[in-house]
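As structure tokens, the structure follows; a few thoughts come after it.
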Amino acid sequence: MEVEEAAASAAIFAEMMDKARDLETTNPEGAIKAYKDIINDTITDDPTAKGRETAIYALAEFFVKLKRAQGITDLSKDLRKLFTELPKAKTAKIVRTLIEQLALIEGTHALQIEMCSDCVDWCKQEKRSFLRQRVETRLSALYLHAERFVEALELLTRLLSEVKKLDDKLLLVEIFVIECRTHYALQNVPKAKASLTAAKTNANAIHCPPLMQAEIDLWSGVLCAREKDHRTSFSYFYEAFEAYNAAEKLVKAKVAIKYMLLSKIMMGRPQETKVIIGSKSGMKYTGSEIDAMAAVAKAQEDRCLKKLEALLVQYKAELKDEPIISYHLNDLTETLLESNILRILEPYSHVELAHVAELIELPLDRTMAKLSEMILDKKLNGTLDQGVGVLIVFEAEEVRSTYGNALTTIKNTSEVLDTLYGIAKQLP
């Protein structure tokens, strides 16, 4: 009898859902009302609230299609009466899904922060620690995105002390990764490395989900690249790309492939970027960001500093406004400038500064500043005579290798003694 009642109830919900879906194209407001009627239904027997849960997700997705961000936030508040009747685990799943759906609508960052903060307050009133900790983790990531670093770190510090007591390793991994990103944004690389190491330690103790492991790999690559270990960073970025590509996370996969191209450029192998872009998996991610990286690779291959600087202006949003790429391209610009200056100065012992600036096609002030920096860093053996506007390049002094000469002498003496000893043994 109970089975028949459950089947009848499921059939009624299915019929109501079909009617609501049909109204989406013809009468959007009617569809919203129909979904809310299903969610608020108290007549039909639905002890597990499975039908109402399906309606909640369908309504949230419909709000995303309509780009009604406020509708999702209002829905999360309206559902709180229903949440008192549902299991806490199901409630947590619904709340987190609504937050994720809201994130799909562009320009809702401030609204996401507001929704998460409101949800945290409700969780504190209802003493729902499990849900609160997860929403606060999401809130800390939103603070990071909004560059509210102090608030993000304060929240993460408090969360870590709570979650460590519970030994929830999966949540700890997520928190440590966000902490790593926050410290990196503040240019505190040692602390970022410490947070990432803690994330890896906790991830090794559990079965880490593939997407979380991909996030760890991505940031491992970022930190290796910061230490100029671009070969290792490429391996990490490749692992992250494979995971994101397999999961159809196109935005994250595009970020990973961009960093793969950056690693090849910084390794001095710009020609290999064509293989990555032209591969079967790489062809899926064509766009202005990949075009920008391909153009940078071509500029490096041509060793053309002027072309690289023009690209930084042309692709400002893709290169200059992306902090990680911008940092490494600044480094690449300086490296190219130094190599071009050294190549130009090879035939000279005395050369006018204006002539050097003309050859390298840069302003005289910047050329002088760079030459001074190279002399101080001992990358160039010379001196600037600014009175007459001349650079004097010194000849490289041959450094006498005392230790090398001593070792050679000892080796030769040993061979002579061995030869004399052999002759002496042959004497009668």
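No lab work stands behind these numbers, since they all come straight from the coordinates. What you are looking at is a predicted structure, and each value in this text was computed from that prediction instead of being measured. Note: ideal-geometry Cβ built from the backbone for every residue, glycine included; neighbour counts use all protein chains shown.
For the stretch 97-240, with equal point scatterers placed on the C-alpha atoms only and solvent neglected, what are the log10 I(q)/I(0) values from the Debye formula at q = 0.10, 0.14, 0.15 1/Å, to two decimals? For the stretch 97-240 at q = 0.10, 0.14, 0.15 Å⁻¹, log10 I(q)/I(0) is -0.35, -0.70, -0.80. By other beta-carbon atoms within 10 Å, ranking 267, 212 with the fewest at the front produces 267, 212.
When the GluC sites (Glu not before Pro) in the stretch 248-341 are filtered for DSSP coil states and for at most 12 other beta-carbon atoms within 10 Å of their beta-carbon, the remaining sites are 248. The stretch 294-364: which trypsin sites (Lys or Arg not before Pro) are DSSP loop and have at most 13 other beta-carbon atoms within 10 angstrom? Of the trypsin sites (Lys or Arg not before Pro), the ones in loops of the stretch 294-364 whose Cβ has at most 13 other Cβ atoms within 10 Å are 303.
Taking chymotrypsin sites (Phe, Trp or Tyr not before Pro) as exposed when their DSSP state is a loop state and no more than 15 other Cβ atoms lie within 10 Å, the longest site-free interval of the chain runs over 1-347.
What base-10 log of the normalised intensity I(q)/I(0) is obtained for the stretch 209-296 from the Debye formula, alpha carbons as equal point scatterers, at q = 0.15, 0.19 Å⁻¹? Those come out to -0.48, -0.78, one per q. Which shape class, rounded, prolate or oblate, goes with the stretch 91-134 when its Cα gyration tensor gives a ≥ b ≥ c as root eigenvalues, a/c under 1.5 marks rounded, and past that a/b bigger than b/c marks prolate? Oblate, because a/c is 1.5 or more while a/b does not exceed b/c.
Using the rule -39500 (n - 2.57) for each DSSP H run of four or more residues, divided by the residues of the chain, the 222 nm mean residue ellipticity is -24500 deg cm²/dmol. Using alpha carbons only, the radius of gyration of the chain set against its Kirkwood radius gives Rg/Rh = 1.18. Compute the helix-to-body angle for 88-103: its Cα long axis versus the longest principal axis of the chain, expressed 0 to 90° and rounded to tens. Roughly 60 degrees between the two axes. Taking Cβ atoms as reference points and 15 Å as the exclusive limit, the residues near residue 161 contribute a net charge of -2, counting Lys and Arg as +1 and Asp and Glu as -1.
What's the angle, to the nearest 10 degrees (0 to 90), between helix 402-426's Cα axis and the longest principal axis of the chain? The angle comes out near 60 degrees. For a straight C-alpha distance cut-off of 17 angstrom, the lysines reachable from residue 77 (same-chain residues fewer than eight places away being disregarded) are 33, 36, 88, 90, 93, 124, 127.
Simple spin-label estimate for residue 110 and residue 227 gives 4.1 nm between the two label positions (7 Å along the Cα-to-Cβ direction from each Cα). The amide H of residue 390, built 1.01 Å from its N in the peptide plane, has 353, 385 as neighbours under 5 Å, considering only residues 5 or more places off or on other chains.
Our coupling estimate for the stretch 20-31, obtained by passing each phi through the Karplus curve with A = 6.51, B = -1.76, C = 1.60 and θ = phi - 60°, is 5, 5, 5, 6, 4, 7, 8, 9, x, 5, x, 5 Hz, Gly and Pro reported as x. Here, the stretch 338-426 is characterised by an Rg to Rh ratio of 1.45, where Rg is the alpha-carbon radius of gyration and Rh the Kirkwood radius. For the cross-link pairs 316/379; 298/378; 200/258; 379/411, the ones whose C-alpha atoms lie over 32 Å apart are 379/411.
Name the trypsin sites (Lys or Arg not before Pro) in the stretch 111-143 that are in a loop by DSSP and that have at most 12 other C-beta atoms within 10 Å, would you? Here the trypsin sites (Lys or Arg not before Pro) that fit, given the DSSP loop and packing criteria, are 127.
Considering only 357, 129, 283, and ranking their Cα positions along the charge dipole of the chain that arises from unit charges at the beta-carbon of Lys, Arg, Asp and Glu, the one farthest toward the positive end is 129.
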